[in-house]
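A.B. asks: Take this structure, written in structure tokens, and hold onto it; I'll ask about it next.
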Amino acid sequence: MSAVGIRELVNLGRVVARGELLRYGRSGQGFTARFEDRLARLIGVRHVLTVNSGSNALIAAMAAAGIGPGDEVLVPAYTWVATALAPLAVGAVPVLVNIDESLTIDPRDIERHITPFTRAIVPVHMQNVVCDMDAIMAIARRHRLLVIEDACQAVGVQYKGRRVGGIGDLGAFSFNQHKNITAGEGGAVLTNNDRYFERARMFHDPGAFIRGHEPTSEPLFSGLNCRVSELTGAVLDAQLGRLEPMLRTLQARYPGVAALFAGQPHCRPSPHHSPEHAVALSVLFDDPEEARRFARTRGVGRLIDTGRHVFSNWEAVLCKRSFHERMNPHRWAHRDISYDIDAYRATLDILARTCRVSLGAQYPSPVMLLHKQTLRAALAQPGPERHD
Ligand SMILES: *Cc1c(COP(=O)(O)O)cnc(C)c1O
């Protein structure tokens with residue numbers, strides 16, 4: 001998470017002084033448009049549309065791509081629940097897919113869940129860890145599926161030199177309080193596809209037709225209001241300047257912290273799909289009890305204990321409950337979708353044995369040394385009694 005400070009305050013002051021808090025104001029180009037241009041250049045993508053949350057970015061991306069009733073969307077069983085809710089918001093149903101030891105969607109399990117009704121894969125770059133995008137894009141091409149990257153937790157992160165969120169057909173970012181850059185709330189849709197961009201823009205702004213955008217051949221349809229104000233744009237524009245320095249710090253610290261776990265008898269760093277760009281570290285233990293014990297260390301957390309990110313806690317999804325029964329997408333699905341916990345034991349097993357280890361984005365160097373000492377000491381403690 002980036003710091004928030006004087007730069008954000010200065011930008012906000014400018015917006016307040018102008019008195020124009022709408023992003024589509026009289027004066028034309030404001031902070032939000034400037035942020036979108038800069039973010040598009042950084043990610044290497046043609047279009048960026050800022051919206052008011054990562055959840056709505058996913059929903060707008062799905063609406064833009066024409067996903068709807070009868071469609072099945074593949075989402076990992078380890079992610080923030082919003083990933084699984086997004087297909088439901090457009091009338092489609094989520095189909096859960098196991099993760100592998102990399103903590104991201106398992107390409108082999110994707111293949112097992114493809115049916116004639118599958119429309120899209122949503123790889124989630126969890127906690128700044130990137131998915132196996134080469135494998136996922138190859139599967140998508142083979143089966144003619146859309147790829148909508150949920151990069152809400154990985155803004156700016158690289159996969160083999162490309163930035164995530166700009167690799168699939170569409171991407172989604174979140175700028176809520178806990179993400180790499182933040183405006184408290186916020187999100188963005190990313191795409192290289194002009195038509196998807198025009199549709200996302202239409203979906204996110206009921207007034208899109210009076211904004212003076214370039215003429216489009218896309219017929220007007222009804223959407224929602226997911227616009228951001230210039231206050232959000234002003235904060236994000238300032239935040240963007242903090243992103244690269246933070247990611248560089250994380251990238252520089254990764255090898256040193258990962259090395260503490262290499263060669264350990266009962267644990268190892270989780271496999272990573274783009275190790276030279278790694279900016280987040282997880283450690284995989286052989287035994288869930290050892291992971292639980294290690295998680296008592298400061299700056300460490302066991303993944304299965306982050307309840308809300310684990311599919312078994314997504315009650316509304318698992319119970320197939322909608323705000324109105326006649327609007328329940330499961331009524332329109334071509335088959336009964338099963339969310340049987342037993343089919344996802346592999347995910348639960350990995351989460352129970354994996355700990356996330358902080359790389360101390362905000363730690364000054366002396367605190368970082370202490371952090372490493374603490375980790376080393378925790379690893380040196382004798383493990384639980386083994387009775388095997
Ligand atoms: C944060 C997050 C979202 C949703 O973002 P909001 O801005 O909170 O709506 C979606 N997917 C993942 C993986 C997230 O971490």
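The values are calculated or read from the model by the stated rules, or taken from the named source; none is laboratory data. Since we're looking at a predicted model, the values are computed, not measured. Heads up, the Cβs are rebuilt from the backbone with ideal geometry, glycines too, and the neighbour counts pull from every protein chain shown. Areas reflect the complete protein model, heavy atoms only, side chains present, ligands, DNA and RNA absent. Shrake-Rupley method; radii C 1.70, N 1.55, O 1.52, S 1.80 Å.
A.B. asks: Project the alpha carbons of region 115-225 onto their principal axes and report the range along each, largest first, in whole Å.
C.D. replies: 41, 39, 25
A.B. asks: Longest segment of the chain with no trypsin sites (Lys or Arg not before Pro) in a DSSP loop having at most 15 other Cβ atoms within 10 Å?
C.D. replies: Segment 47-143 is the longest.
A.B. asks: What number, in percent, do you get for the relative contact order of the chain if the mean sequence gap of Cα pairs under 8 Å and at least 6 apart is divided by its residue count?
C.D. replies: This gives 21 percent for the chain.
A.B. asks: Which longest uninterrupted range of the chain lacks any chymotrypsin sites (Phe, Trp or Tyr not before Pro) assigned by DSSP to a loop state (not H, G, I, E or B) and surrounded by at most 11 other Cβ atoms within 10 Å?
C.D. replies: The answer is 1-220.
A.B. asks: Among 186, 156, 256, determine the one that fluctuates most according to a GNM of the chain built with springs between C-alpha atoms less than 10 Å apart.
C.D. replies: Between 186, 156, 256, it is 256 that shows the largest mean-square fluctuation.
A.B. asks: Let me ask something else about it. Taking only DSSP H segments of four or more residues, each worth -39500 (n - 2.57), what value at 222 nm results for the chain once the sum is divided by all its residues, to the nearest 500 deg cm²/dmol? Kindly include the intermediate steps, with their values, before the conclusion.
C.D. replies: Numbers: 12 runs with 142 residues, N = 388.
It lands at -11500 deg cm²/dmol.
A.B. asks: If I take the Cα coordinates of the chain and project them onto the principal axes, what are the three extents in Å, biggest first?
C.D. replies: Taking the Cα atoms of the chain, the three principal extents are 70, 54, 35 Å.
A.B. asks: Right, another one. If you count only protein heavy atoms with a 1.4 Å probe, what accessible area per residue comes out for the chain, rounded to a whole Å²?
C.D. replies: 44 Å²
A.B. asks: So which lysines can residue 179 reach, going by Cα to Cα under 26 Å and dropping same-chain residues fewer than 8 places off?
C.D. replies: Counting by Cα, and skipping residues close in sequence, residue 179 has these lysines nearby: 160, 372.
A.B. asks: Compute the separation of the alpha-carbon centres of region 286-361 and region 252-273 and state it in Å as a whole number.
C.D. replies: What the calculation gives is 24 Å, centre to centre.
A.B. asks: A follow-up question, please. How about region 2-51: which GluC sites (Glu not before Pro) there are in a DSSP loop, with at most 16 other Cβ atoms within 10 Å of their Cβ?
C.D. replies: Counting only loop positions with at most 16 other Cβ atoms within 10 Å, the GluC sites (Glu not before Pro) in region 2-51 are 20.
A.B. asks: Bins of 5 Å, beginning at zero and ending with the bin holding the largest distance: percent of Cα pairs per bin for region 233-388, please.
C.D. replies: 1, 8, 14, 15, 14, 12, 10, 10, 8, 4, 2, 0
A.B. asks: Against the globular-protein guess of 2.2 N^0.38 Å, express the Cα radius of gyration of region 182-243 as a ratio, rounded to two decimals.
C.D. replies: After normalising by residue count via 2.2 N^0.38 Å, the value is 1.26.
A.B. asks: Any idea what diffusion coefficient region 84-168 gets from Stokes-Einstein, in µm²/s, Kirkwood Rh on alpha carbon pairs, 10 °C, 1.306 mPa s?
C.D. replies: Rounded to a whole number, D works out at 121 µm²/s.
A.B. asks: Shifting gears a bit: Would you calculate the volume per residue, in Å³, of the smallest convex hull containing every Cα atom of region 1-146?
C.D. replies: 137 Å³
A.B. asks: Right, next: Sum up the charges of everything whose Cβ sits under 11 Å from the Cβ of residue 82, counting Lys and Arg as +1 and Asp and Glu as -1, but leave residue 82 out.
C.D. replies: 0
A.B. asks: Quick one: angle between helix 133-143 and the longest Cα principal axis of the chain, in degrees between 0 and 90, rounded to 10, please.
C.D. replies: Taking the Cα atoms of the chain, the angle to 133-143 is about 60 degrees.
A.B. asks: While we're on this one: Quick check for me: using +1 on Lys/Arg Cβ and -1 on Asp/Glu Cβ, what's the dipole size of region 243-388 about its Cα centre, in debye to the nearest 20?
C.D. replies: 440 debye
A.B. asks: Please work out whether region 22-79 counts as rounded, prolate or oblate from its C-alpha gyration tensor, where a ≥ b ≥ c are the square roots of the eigenvalues and a/c under 1.5 means rounded, while otherwise a/b larger than b/c means prolate and anything else oblate?
C.D. replies: Prolate.
A.B. asks: Okay, moving on. What does the highest-first list of 55-61, 147-153 look like by mean Cβ count within 10 Å?
C.D. replies: The peptides rank, most packed first, as 55-61, 147-153.
A.B. asks: Moving on. Return the carbon/sulfur percentage of the accessible area of the chain, one whole number, probe 1.4 Å, all protein chains in place. Provide the component values of the computation, followed by the final result.
C.D. replies: Details: 8860 of 17020 Å².
Taking all protein chains in place, the chain shows 52 percent carbon and sulfur surface.
A.B. asks: Here's a follow-up. Nearest 10 degrees, 0 to 90: what angle lies between the long axis of helix 54-64 and the longest principal axis of the chain (Cα atoms)?
C.D. replies: Between helix and principal axis, roughly 50 degrees.
A.B. asks: Determine the equivalent ellipsoid of region 186-316 by diagonalising the alpha-carbon gyration tensor, then write out the semi-axes as square roots of 5 times the eigenvalues, largest first, rounded to whole Å.
C.D. replies: 43, 20, 15
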